[in-house]
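Below: one structure, written as structure tokens.
The values are calculated or read from the model by the stated rules, or taken from the named source; none is laboratory data. Model, not experiment: these values are computed from the prediction. Cβ placement follows ideal geometry from the backbone for every residue including glycine, while neighbour counts extend to all protein chains displayed. Each accessible area value is taken on the protein alone, full model and side chains, heavy atoms only, with ligands, DNA and RNA left out. Shrake-Rupley method; radii C 1.70, N 1.55, O 1.52, S 1.80 Å.
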Amino acid sequence: MHLYPKEALNNIGFQKIQQLLVNSCELEATKVLANKLKASQVKRQVEFWLNQTKEYKSVIDGNDFVPWHFIDSLEKELKILSIENSVLQADEIQKLKNVTIDVRSKLNWFKGKEDLYPHLYHLLKDTFYEKDIVQSIDPIIDENNQIKDGASRELGNIRAELEQTRLQSRKLFDQIIRQYAKDGYLADITENFLNGRRTIGIQAEYKRIAKGIVHGASESQKTVFIEPERLIPIQNRIYELEIDERREEYKILLDLTNTLSPYGDLIHHYYHRVIVFDFIRAKALLAKKLNAQLPHITQHPNITLLDAYHPILWLQNKEKQQKTVPISLKLDRKERILIISGPNAGGKTVSMKTVALLQYMLQCGLLVPCSDRSEMGIFKQMMVHIGDTQSIENELSTYSAHLTDMKYFLEFATGSTLFFIDELGSGSDPLLGGAFAESMVEHLSRKHALGIITTHYLNLKVMAGKVAGIINGAMTFDEKKLEPLYQLQIGKPGSSYTFEIAQRVGLPQEIIQRAKTLAQTEHIELDELLHQSEKQQLTLEKKQKQLNELIKYHEAQIITYNELIDKEKHEQQLAYLRLQNKIKKEELDYLKDMERKFKQIINDWKKAENKKEVIEAAENILFKRKHITANQNIAKKADRNYRFVAKNPEIGDLVRNEKNHQVGTLIELDNQKAIVQIGKMPFHVNIKEWVVVAQKQKRKKGK
């Protein structure tokens with residue numbers, strides 16, 4: 001993306017975002033990459049970057065992590081590795097091993113997750129793990145970056161002899177100290193190392209008596225440090241063995257470096273992949289810090305931001321435990337230029353910077369703080385005119401510098417340009433500046449560029465109704481509290497609240513009235529209309545909010561009512577079913593009991609000698625059946641109080657159940673489903689089982 005002017009990123013505050021990104025990087029090489037971050041104008045590239053960041057953020061959000069091993073910068077080591085017969089030190093070789101292990105861990109982590117994180121896995125899909133690198137290093141260098149004794153047979157022998165010789169030296173040294181102590185030669189400082197040799201501190205007056213080489217003395221000259229004569233041969237041998245050890249270690253490192261040299265390009269590839277992963281990780285951490293999301297990306301230049309906020313302002317307010325008011329706006333081919341007006345310090349410039357910053361962040365592959373339902377396109381260039389543009393170097397006034405920028409905008413703006421102009425036309429005579437500003441807006445609109453302009457000029461505020469592609473936006477203001485609300489309202493211009501603010505801050509009334517008299521009448525009237533319109537808009541929004549709350553309450557009440565109705569219907573149905581089940585259960589129990597008793601009568605008949613007793617028992621059972629039959633006859637007699645009516649059931653009719661002869665009133669009917677009230681209880685029934693009846697009139701006695 002091409003930027004104008006060169007300080008455009010400073011003007012929109014991108015450096016602060018860049019510093020946050022740098023702080024999230026682990027590697028120095030990644031921090032360099034973050035400091036060089038530039039926006040791309042290739043949609044495919046931008047989408048790829050954004051999806052990588054989104055996938056890594058989802059890993060973090062899921063309390064998972066992509067494997068990461070601490071790795072230092074490898075630029076110097078890789079350069080040495082490319083030079084023939086060069087030698088890497090043990091700690092430097094260990095870095096090569098670490099980066100190789102890191103890639104191996106990442107490859108293992110991605111197994112089975114290729115489809116879950118396709119854009120992240122793309123970084124490693126052509127990468128393979130070369131086990132020979134680690135297998136070449138492990139036998140030579142330990143975890144403390146020391147060459148192992150077994151790195152070569154010669155080194156093992158040297159170190160074994162060196163250890164034995166040092167032990168002998170220690171024993172002999174201790175013997176000499178005990179002897180000097182017995183002779184009274186020792187000074188306060190018993191032993192020291194000078195010139196790489198172990199020495200004993202003795203009193204200066206005994207230096208000729210104690211045989212040995214003097215290596216130094218204390219500042220007071222009262223103590224001299226000598227290497228005892230008896231210790232010289234064994235210390236010479238230690239010195240020779242240490243030289244042999246260093247020579248053998250150098251040879252081992254040379255051989256190992258030559259062994260790793262053919263893998264230089266592969267290790268460089270590993271290192272580059274680790275840097276990219278660290279960079280994506282830093283972007284994901286930044287996105288999490290800013291609560292950023294991935295909006296929908298479109299090919300054509302357009303912006304539809306929903307609930308977007310300035311990331312730096314959001315962080316500052318979060319630290320202060322204050323709320324950040326989000327903005328929502330839309331710029332496309334039909335509504336290309338947004339004119340934002342309203343009072344000073346009301347948030348016009350912040351709103352404009354928010355859009356500029358988020359657009360540049362997006363094209364850098366950074367997720368942006370807005371709703372994921374937002375939609376953002378790709379722009380080829382961004383032009384920014386924000387803040388004081390006075391040029392001391394070129395001896396240009398603010399207005400001259402302003403016109404210089406506008407000249408560039410007018411010449412080079414296209415349909416793929418996103419521009420931002422703060423206080424268009426300011427710095428000149430209001431009437432003339434306003435005229436120039438109006439002419440510039442018309443020209444930019446004809447060039448189909450998209451952008452945002454902040455202004456106090458009334459003639460720019462009324463352009464929305466005259467020039468195609470231009471829309472108004474207003475920053476709201478609380479007139480009673482004299483505080484900006486920082487809310488951007490699209491579709492209407494805003495009042496500057498010039499006289500209201502002057503009155504609230506206590507400016508003398510005669511000054512305010514005189515200013516109104518001197519000002520052009522039509523300007524005052526228009527600003528007053530804007531003022532009244534904004535107050536009405538706030539009132540409507542307040543009423544709309546109350547109405548929405550009432551609607552939500554009403555909807556909740558309907559849901560509760562329906563739940564109660566359903567519950568009541570369910571209880572009625574259960575009661576009816578329980579009644580039917582009770583009747584059927586009683587009949588079933590009766591039949592089972594009769595079956596059991598008849599079986600018993602048959603068995604008794606076969607076994608009994610006195611058949612008369614068996615007959616009496618059977619009569620008792622039959623008598624009970626007769627009793628049941630009598631009860632049924634009583635129910636049928638009750639039916640005689642009603643007569644059948646040949647008609648289809650309707651609400652309000654008396655109906656009778658054909659099975660159990662119950663009579664009730666039909667109170668609801670829907671196809672075959674109905675509700676019949678029997679006594680005071682309603683029951684859900686199948687209407688097919690019920691017939692319409694009418695109560696018979698009782699005959700009077702004597703007729």
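Quick grid of which residues meet (1) buried (at least 17 other Cβ atoms within 10 Å of the Cβ); (2) in a helix (DSSP H, G or I):
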| site | (1), (2) |
| --- | --- |
| 213 | no, no |
| 233 | no, yes |
| 240 | no, yes |
| 285 | yes, yes |
| 300 | no, no |
Applying the selection to region 217-231, what residues are exposed (fewer than 15 other Cβ atoms within 10 Å of the Cβ) and either without any contact (Cβ under 8 Å) to a residue 24 or more places away in the chain or part of a helix (DSSP H, G or I) (or both)?
219, 220, 221, 229, 230
Residues (part of a helix (DSSP H, G or I) and closer than 27 Å to residue 314 by Cα) located in region 20-45:
20, 21, 22, 23, 30, 31, 32, 33, 34, 35
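In the list 217, 181, which residue meets the criterion of being touching a helix residue (DSSP H, G or I) at 6+ places or on another chain (Cβ under 8 Å), small (Gly, Ala, Ser) and farther than 26 Å from residue 89 by Cβ?
Details: 181 fails: touching a helix residue (DSSP H, G or I) at 6+ places or on another chain (Cβ under 8 Å).
Going through 217, 181 in turn, the sole match is 217.
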Going residue by residue through region 83-103, is there one that turns out to be over 21 Å from residue 366 (Cβ atoms), part of a loop (DSSP other than H, G, I, E, B), of a type in the set (Ser, Thr, Tyr) and out of contact with any Asp or Glu (no Cβ under 9 Å at 6 or more places or on another chain)?
yes
So which residues in region 188-211 are assigned to a helix (DSSP H, G or I) and either open to solvent by 60 Å² or more (accessible area, probe 1.4 Å) or touching a Phe, Trp or Tyr at 6+ places or on another chain (Cβ under 6 Å) (or both), if there are any at all?
205, 206
Run residue 106 past the list (1) surrounded by 14 or more Cβ atoms within 10 Å (Cβ to Cβ); (2) among the basic types (Lys, Arg); (3) part of a loop (DSSP other than H, G, I, E, B) and report the number of the one that doesn't hold.
(3)
Applying the selection to region 135-168, what residues are assigned to a helix (DSSP H, G or I) and touching a Lys or Arg at 6+ places or on another chain (Cβ under 7 Å)?
137, 149, 165
Counting only residues that are open to solvent by 50 Å² or more (accessible area, probe 1.4 Å) and of a type in the set (Asp, Glu), how many does region 66-103 have?
4
Given (1) touching a Ser or Thr at 6+ places or on another chain (Cβ under 9 Å); (2) surrounded by fewer than 22 Cβ atoms within 10 Å (Cβ to Cβ); (3) in a loop (DSSP other than H, G, I, E, B), where does residue 316 come up short, assuming only one miss?
(3)
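This table checks each residue for (1) surrounded by fewer than 17 Cβ atoms within 10 Å (Cβ to Cβ); (2) at pLDDT below 95.
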residue	(1), (2)
333	yes, yes
340	no, yes
349	no, yes
359	no, no
367	no, no
